[in-house]
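Data first, discussion second: the structure below is written as structure tokens.
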Amino acid sequence: MGGPDDSEKIDVLIMFSSYGLLLKSVENGFLVPDDWDVLHVSASQWFLETEKMDEKYEFPAEVRPGIYRLEEDYLICESGEVFKKLEYGIAKVIEKAHSRKMLRTDEKAEGLFKIPASYKVYYILHGNNLEQYLQLNAPVEEAYVIISNAPGESKRDYFALRMAEEAPRMFPDDLESEDESTGRKLIPLGKLKGLEKGLNLKAKELIVERRDLNIVEFNYRYFYSWEPADYCIEIKTNEELIGGMMYVYADVFGKSIPIKRVVIDDIKQEELIHISKSWQVYHSWLLKKATKIDKRVYVGGELKLRGKGPVRIIFNFREINKLVVSKGKITKESSDYVEVELEFEGEESIYIEFDYHE
């Protein structure tokens with residue numbers, strides 16, 4: 001996607017997860033909103049002028065019968081009309097007293113502003129179809145929008161960290177600190193309208209490789225009766241995706257229904273997403289042997305499965321040796337980590353034996 005056409009003189013907005021940097025053309029007398037910070041103006045001379053605006057009234061005013069509430073010195077009607085008692089009678093308030101910031105410049109120039117803006121990323125996972133959406137908010141009607149994202153930044157936003165932890169410091173320091181974020185990406189979205197209303201934008205649609213799995217994290221240390229496995233979804237994509245919120249659909253009792261809303265990390269082509277405890281697979285463990293010789297522990301026992309579906313058994317021990325699993329296939333193996341997978345229906349009994357360094 002190309003950049004903005006300079007001949008259009010369109011505003012350019014760089015959106016971070018909790019603030020925005022807006023570059024726009026300004027002239028002498030430009031009114032700066034109260035929640036905007038002026039960072040830089042390209043004019044040879046410029047300054048901010050604060051102008052105090054007195055309250056404005058309509059007098060005399062007719063106060064119709066109705067329901068009102070008293071708020072400080074004001075009488076506020078359900079319709080939104082505001083009245084105030086003055087020494088010479090009741091007046092309708094047209095505009096409350098306030099101050100405004102006006103940019104004074106000796107020439108037409110480019111202004112850089114820090115503004116209250118934000119974006120959120122969310123996904124819809126329906127079968128193998130993954131849709132990515134962006135929710136954009138900024139107090140501008142139209143702009144050429146570029147998203148700036150660093151690994152984990154979108155996910156942190158969902159945990160409501162303070163803005164001081166989320167956003168860098170004021171310009172120019174914030175732009176320098178951005179360079180220190182490894183993996184930061186700039187994503188151009190093009191010319192967008194309706195940002196001030198809260199714009200939801202479908203950014204992309206992907207076909208992913210999806211597997212619904214029941215995970216059993218093996219723990220031999222005690223006998224336990226039937227417990228649910230962890231229901232997880234493994235997805236593989238051909239590209240990296242920004243972390244955010246994901247709405248997950250699954251086939252349950254012959255129906256495709258939304259089952260969970262989860263917060264996900266940045267997806268780097270492959271991700272295992274924990275959804276909930278499983279309603280399909282339960283497991284129990286009977287420890288038959290646990291012997292320690294020097295610094296090695298020798299384990300043997302029986303893992304039972306009940307239900308149906310694909311199961312991944314995870315062994316996470318130091319220096320695993322002589323692993324024997326009576327059923328299933330080893331799909332991933334290292335000195336300290338092993339995955340065994342099988343598919344079953346009904347009940348299954350698996351004998352497991354191995355030793356490891358304590």
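Observations on the model:
- Filtering region 274-300 to residues that are surrounded by 15 or more Cβ atoms within 10 Å (Cβ to Cβ) and either of a type in the set (D, E, K, R) or on the phi > 0 side of the Ramachandran plot (or both) leaves nothing.
- Considering region 54-73, and only residues there that are charged (D, E, K, R), touching a Lys or Arg at 6+ places or on another chain (Cβ under 8 Å) and part of a loop (DSSP other than H, G, I, E, B), the residue that is surrounded by the fewest Cβ atoms within 10 Å (Cβ to Cβ) turns out to be 73.
- With respect to the stated conditions, residue 10 is among the hydrophobic types (A, V, I, L, M, F, W, C) and assigned to a loop (DSSP other than H, G, I, E, B).
- Per the listing 153, 166, 141, the residue uniquely surrounded by 11 or more Cβ atoms within 10 Å (Cβ to Cβ), in the same structural domain as residue 188 (by TED's automatic domain parsing) and modelled with pLDDT of 80 or more is 141.
- Contacts under 8 angstrom Cβ, first residue in region 64-91 being of a type in the set (S, T, N, Q), partner part of a loop (DSSP other than H, G, I, E, B) and surrounded by fewer than 15 Cβ atoms within 10 Å (Cβ to Cβ), 6 or more apart: 79/66
- Residue check for residue 304: surrounded by 15 or more Cβ atoms within 10 Å (Cβ to Cβ), assigned by TED's automatic domain parsing to the domain that holds residue 233 and of a type in the set (Lys, Arg): yes
- Yes/no for residue 39 being closer than 30 Å to residue 102 by Cα, assigned to a strand (DSSP E or B) and of a type in the set (A, V, I, L, M): yes
- Residue that is on the phi < 0 side of the Ramachandran plot, of a type outside the set (Ser, Thr, Tyr) and in contact with a Ser or Thr (Cβ under 7 Å, 6 or more places away or on another chain), where the choices are 117, 61, 91, 109: 109
- Looking across region 187-239 at every residue that is assigned to a strand (DSSP E or B) and of a type in the set (Phe, Trp, Tyr), the one that is farthest from residue 283 (Cα to Cα) is identified as 231.
- Members of region 239-285 that are in contact with a Cys (Cβ under 8 Å, 6 or more places away or on another chain) and either modelled with pLDDT under 90 or aliphatic (A, V, I, L, M) (or both): 272, 273, 275
Let's see how each residue does on (1) surrounded by fewer than 16 Cβ atoms within 10 Å (Cβ to Cβ); (2) touching a helix residue (DSSP H, G or I) at 6+ places or on another chain (Cβ under 9 Å); (3) under 29 Å from residue 150 (Cα atoms):
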{"position": "21", "(1), (2), (3)": "no, yes, yes"}
{"position": "49", "(1), (2), (3)": "yes, no, no"}
{"position": "97", "(1), (2), (3)": "yes, no, no"}
{"position": "115", "(1), (2), (3)": "no, no, yes"}
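- No other residue among 302, 333, 347, 319 is of a type in the set (D, E, K, R) and within 18 Å of residue 272 (Cα to Cα) apart from 333.
The values are calculated or read from the model by the stated rules, or taken from the named source; none is laboratory data. Bear in mind that the values here come from a model prediction, so they are computed numbers and not experimental data. Neighbour counts run over all protein chains shown; Cβ positions are idealised from the backbone, glycine included.
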